[in-house]
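The values are calculated or read from the model by the stated rules, or taken from the named source; none is laboratory data. Everything quoted here is computed from the prediction, not taken from an experiment. Cβ sites come from the backbone with ideal geometry, for glycine too, and all protein chains shown count toward neighbours.
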């Protein structure tokens with residue numbers, strides 16, 4: 001349903017992420033994958049794009065123009081679990097921290113902290129803020145409070161219904177056609193809410209309906 005950074009860089013959905021020797025041993029990233037790998041850290045570090053597991057639990061790049069709509073559509077995160085609150089309190093007091101260092105600093109088991117960080121990204125509480133090089137192994141992701149890192153962009157949030165309509169219009173422009181279930185999978189909420197949002201686009205002449213046997217598809221209106 002959404003455009004892929006990999007496809008934009010490589011021009012194909014087929015992922016060729018590495019070069020290998022005759023025995024199949026890893027030599028280096030492919031040039032295209034190396035670029036994507038750098039950008040996933042460099043873009044949020046420079047605050048050019050919000051990057052994190054913010055869309056259906058998958059790592060996604062969210063433009064700063066759309067970030068207020070995504071936050072408004074998601075609503076308040078609600079009550080946090082004790083471990084999640086510990087993570088948020090630590091980052092709030094100490095600032096951004098790598099996921100490699102965070103467990104030891106707050107005194108919790110690594111896997112539990114990793115799951116809490118993932119949940120907090122899905123709820124738009126945390127976001128990534130670059131990478132920390134390590135002496136051994138891969139670089140570690142740095143996380144920060146999303147509301148602090150992009151505070152200037154989140155001073156005024158749109159109405160929740162307007163936000164969902166804005167997101168739906170962007171998703172529809174990318175996918176050309178989708179169902180209410182497709183939209184709900186991307187921006188959250190129920191199928192009923194997604195259907196109401198897409199019907200609004202139809203009323204505004206930004207989309208049209210096509211009835212299938214068991215469901216309705218919404219298509220981008222020509223010229224919309």
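For the range 173-216, filtered to residues that are farther than 29 Å from residue 76 by Cβ and in a loop (DSSP other than H, G, I, E, B), the residue that is modelled with the highest pLDDT is 205.
Can you name every residue in the range 2-29 that is surrounded by 16 or more Cβ atoms within 10 Å (Cβ to Cβ) and in contact with a strand residue (DSSP E or B) (Cβ under 9 Å, 6 or more places away or on another chain)? Steps first, answer last, please.
Of all residues in the range 2-29, those surrounded by 16 or more Cβ atoms within 10 Å (Cβ to Cβ) come to 5-6, 10, 29.
Result: 5, 29.
Of the residues making up the range 28-38, those that are in contact (Cβ under 8 Å) with a residue 12 or more places away in the chain and out of contact with any helix residue (DSSP H, G or I) (no Cβ under 7 Å at 6 or more places or on another chain) number 2.
Taking each residue of the range 98-113 that is at negative phi and looking for partners that are crowded, with 18+ Cβ neighbours inside 10 Å and outside any helix (DSSP H, G or I) with beta-carbon atoms closer than 7 Å, six or more apart or interchain, yields 98/141; 98/142; 99/141; 99/143; 105/97.
For residue 159, the requirement of being at pLDDT 95 or above and over 23 Å from the mean Cα position of the chain (by Cα) is not met. Among the candidates 185, 181, 173, 160, the residue that is touching a residue at least 24 places away in the same chain (Cβ under 8 Å) and under 29 Å from residue 92 (Cβ atoms) is uniquely 160.
Check the range 121-134 and report whether any residue there is loosely packed, with under 13 Cβ neighbours inside 10 Å and over 21 Å from the mean Cα position of the chain (by Cα). Checked against the condition, which is being loosely packed, with under 13 Cβ neighbours inside 10 Å and over 21 Å from the mean Cα position of the chain (by Cα), the range 121-134 yields at least one hit.
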